[in-house]
Amino acid sequence: MLYVQGLSTHIGKIQILHSIDLHVHQGEIVSIIGANGAGKSTLLNTLAGLYFPSTGKVTLEGEVISGLPAHKVVRKGLSLVPEGRQIFSNLTVKENLLLGMYSRYYKEKNQAKDHIEMILDMFPSLKKHIDNLGGNLSGGEQQMLAIGRGLMSKPKIILLDEPSMGLAPKIVNEILEILMRIKKEMGTMIILVEQNVKAALKVADRVYVMEQGNIALHGTPEEISMNPQVKSAYLGIKMTS
Amino acid sequence: MSIFLAQLLTGLAYGMLYFMIAAGLTIILGVMNVVNLAHGTLFMLGAYIVFTFISDELNFWIALLISVLLTAVLGIILEKLLIKHVYGKELEQVLLTFGLSFIIADVVKWIWGTEMQTLPVPALLDASLSIGEMVFPLYRLFVVFIGCLLALLLWYLESKTRIGAIIRAGVDDRAMVGALGINVGLVFTGVFAFGAALAGLSGALGGPLIGMYTGMDNEILVTSLIVVVIGGLGSWKGSFISAILVGVIETFGKVWFPSLSMLIVFLIMMVVLIIRPQGLFGREVA
């Protein structure tokens, strides 16, 4: 289980996150929605150790991970798939995947092949590109590679930042189905940050709505989608008095 | 014909020397995005360290190894104490490394004096090769051999090892490397130490070739920066090709147009920058 308590983050002198509280249960998909600049990506980057929190505590399976640098956070079982995919364009698909299991490489060197096979079973479209450079893949394939690379470290929790960005609806649906499979087959906790609210609500067990660095709302997808503010602000449904 | 061949081999020897120093410079630049203007002084230091240990009756090869190790250790110290504080700050990097080059150069003057010194060629290679009626020093061929060996080693490290994949990933996207559980700080320290070791190696091997004098650091730095720019920032393969190009052109230039040899090299750099701003093997930056 992931617990976030009173998490605040400053970038320079500007406070971006204001005392965030959230939690994720085992085998649960939690979506975080919100407008541009709400602090969603900053929250994920703080959880991943790319930013240090100014206050608050993050615990993963009872272990405090807040304040640790990114490379140590990964070793504790948290994996980030960042916005914009950020795959290594001058490395092959296989090399990208192998770098994803860096934190476990020495312990599980002999299982590297099995890890890759498992990922390729989950993302069959990557199979034929295994020796191609990451930069030569399509947007959808790059996103699949980014998720696959994130799973290579066998994380307890995976954070996905805008995985649907710039992708065709068909590909978005494929990715959402894969997330459901990851949850079901691997029991991995997932935090999904999305501006595509319909996609976020579709797969989530619970949803947090962020506004200006705060958690504004929290509930099940049904509760959130029925909320008048969410309806008008995010789902494009005009409320009539 | 034999004169031409001898000049070509001389150009290759100088080219390989330039490659050895430029490789360290370009790897540091590619992975860490740091222009190390103290790289030339590490080259000079490499030569003077070998000179010191040979004077103490040590074998050239042991002195060479000590030189490489000491420059690598100095690289680690510099990165840990100073360089790490200026990542992402280009102006501060330039000022810091430029200042360091003055400090190290003055330390060299203070310890070894300002007279020109000669570093003897190791006994094993103190022979010549006859090419027609020309006599060609064996040591220069050895430098060519070491340069090619280094290129092979870099190719192997880059394409066949995990550390090579990490370094290529670092050139691509530094931030993401850390997010995958890789200790970027450690990678940066290792890369800087490796670059410094290459500078030390090239200085140690270059001493018998170009002599040792105060000011050699600036000359070699300018040449290696030209090599890096022509080859493409961050590309050691580019540096390999452009170092040979610069070495050969400079050598033939000194024979045919003695007063214009360096100007020709600068002109080539300008032409490359006009046609391909990213250098011959550099990747286009959006």
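Look through B:LEU42, B:LEU100 and report the one residue that is of a type outside the set (Asp, Glu), assigned to a helix (DSSP H, G or I) and closer than 14 Å to B:ALA193 by Cβ.
Numbers: B:LEU100 fails: closer than 14 Å to B:ALA193 by Cβ.
None of the others qualify; the one that does is B:LEU42.
Scan the stretch A:56-81 for residues that are buried (at least 23 other Cβ atoms within 10 Å of the Cβ) and either facing chain B (nearest Cβ under 7 Å) or of a type in the set (Lys, Arg) (or both) and jot them down. Write out each step before concluding.
If we filter the stretch A:56-81 for residues that are buried (at least 23 other Cβ atoms within 10 Å of the Cβ), which is where we start, we get A:58, A:70, A:73-74, A:78-81.
A:ALA70, A:VAL74, A:LEU80 - these are the residues of the stretch A:56-81 that are buried (at least 23 other Cβ atoms within 10 Å of the Cβ) and either facing chain B (nearest Cβ under 7 Å) or of a type in the set (Lys, Arg) (or both).
Can you tell which of B:ILE62, B:ILE83 is β-branched (Val, Ile, Thr) and without any contact (Cβ under 8 Å) to a residue 12 or more places away in the chain?
Working: B:ILE83 fails: without any contact (Cβ under 8 Å) to a residue 12 or more places away in the chain.
Exactly one of B:ILE62, B:ILE83 is β-branched (Val, Ile, Thr) and without any contact (Cβ under 8 Å) to a residue 12 or more places away in the chain, namely B:ILE62.
Considering each residue of the stretch B:138-161, count those that are exposed (fewer than 14 other Cβ atoms within 10 Å of the Cβ) and within 14 Å of chain A (Cβ to nearest Cβ), and give that number.
Residues in the stretch B:138-161 being exposed (fewer than 14 other Cβ atoms within 10 Å of the Cβ) and within 14 Å of chain A (Cβ to nearest Cβ): 3 in total.
Just checking, which of B:GLY170, B:GLY185, B:GLY207, B:GLY181 is within 14 Å of another protein chain (Cβ to nearest Cβ) and in contact with a strand residue (DSSP E or B) (Cβ under 9 Å, 6 or more places away or on another chain)?
Details: B:GLY170 fails: in contact with a strand residue (DSSP E or B) (Cβ under 9 Å, 6 or more places away or on another chain); B:GLY185 fails: in contact with a strand residue (DSSP E or B) (Cβ under 9 Å, 6 or more places away or on another chain); B:GLY207 fails: within 14 Å of another protein chain (Cβ to nearest Cβ).
After ruling out the rest, the residue left standing is B:GLY181.
Please verify whether the stretch B:231-239 includes one or more residues that are closer than 15 Å to B:ALA13 by Cα and either crowded, with 17+ Cβ neighbours inside 10 Å or of a type in the set (A, V, I, L, M) (or both).
Pass one, the stretch B:231-239, residues closer than 15 Å to B:ALA13 by Cα: B:239.
Narrowing the set further to residues that are either crowded, with 17+ Cβ neighbours inside 10 Å or of a type in the set (A, V, I, L, M) (or both) leaves B:239.
The answer is yes; a qualifying residue exists.
How about the stretch A:39-55: which of its residues are more than 14 Å from chain B (Cβ to nearest Cβ) and either crowded, with 22+ Cβ neighbours inside 10 Å or within 21 Å of A:ASP205 (Cβ to Cβ) (or both)?
A:GLY39, A:LYS40, A:LEU43
What about A:THR92, is it within 14 Å of another protein chain (Cβ to nearest Cβ), among the hydroxyl-bearing types (Ser, Thr, Tyr) and crowded, with 23+ Cβ neighbours inside 10 Å? Outline the logic, then answer.
On the way: within 14 Å of another protein chain (Cβ to nearest Cβ): yes; among the hydroxyl-bearing types (Ser, Thr, Tyr): yes; crowded, with 23+ Cβ neighbours inside 10 Å: no.
When the stated conditions are applied, A:THR92 does not pass them.
Report, by residue number, each residue of the stretch A:136-161 that is more than 13 Å from chain B (Cβ to nearest Cβ), touching a strand residue (DSSP E or B) at 6+ places or on another chain (Cβ under 8 Å) and part of a loop (DSSP other than H, G, I, E, B).
Once the filter is applied, which keeps residues that are more than 13 Å from chain B (Cβ to nearest Cβ), touching a strand residue (DSSP E or B) at 6+ places or on another chain (Cβ under 8 Å) and part of a loop (DSSP other than H, G, I, E, B), the stretch A:136-161 yields only A:LYS156.
Pick from A:ILE87, A:ILE119: which is β-branched (Val, Ile, Thr) and within 14 Å of chain B (Cβ to nearest Cβ)? Reasoning before the result, please.
On the way: A:ILE119 fails: within 14 Å of chain B (Cβ to nearest Cβ).
Matching residue, one of A:ILE87, A:ILE119: A:ILE87.
Yes or no, residue by residue, for (1) aromatic (Phe, Trp, Tyr); (2) surrounded by fewer than 16 Cβ atoms within 10 Å (Cβ to Cβ); (3) touching a residue at least 60 places away in the same chain (Cβ under 8 Å):
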{"site": "A:GLU162", "(1), (2), (3)": "no, no, yes"}
{"site": "A:GLU174", "(1), (2), (3)": "no, no, no"}
{"site": "A:ARG181", "(1), (2), (3)": "no, yes, no"}
{"site": "A:MET189", "(1), (2), (3)": "no, no, yes"}
{"site": "A:PRO228", "(1), (2), (3)": "no, yes, no"}
{"site": "A:LYS231", "(1), (2), (3)": "no, yes, no"}
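Looking only at the stretch A:201-229, filter to residues that are outside any strand (DSSP E or B) and under 16 Å from A:GLY39 (Cβ atoms); which one of those is modelled with the highest pLDDT?
Filtering the stretch A:201-229 down to residues outside any strand (DSSP E or B) leaves A:201-205, A:212-213, A:220-229.
Within this subset, residues satisfying the condition of being under 16 Å from A:GLY39 (Cβ atoms) are A:212-213.
Working: A:GLN212: 82, A:GLY213: 93.
Of everything passing the filter in the stretch A:201-229, A:GLY213 is modelled with the highest pLDDT.
The values are calculated or read from the model by the stated rules, or taken from the named source; none is laboratory data. For clarity, every value in this text was computed on a predicted model and none was experimentally measured. Here Cβ is always computed from backbone atoms with ideal geometry, including for glycine, and neighbour counts include all displayed protein chains.
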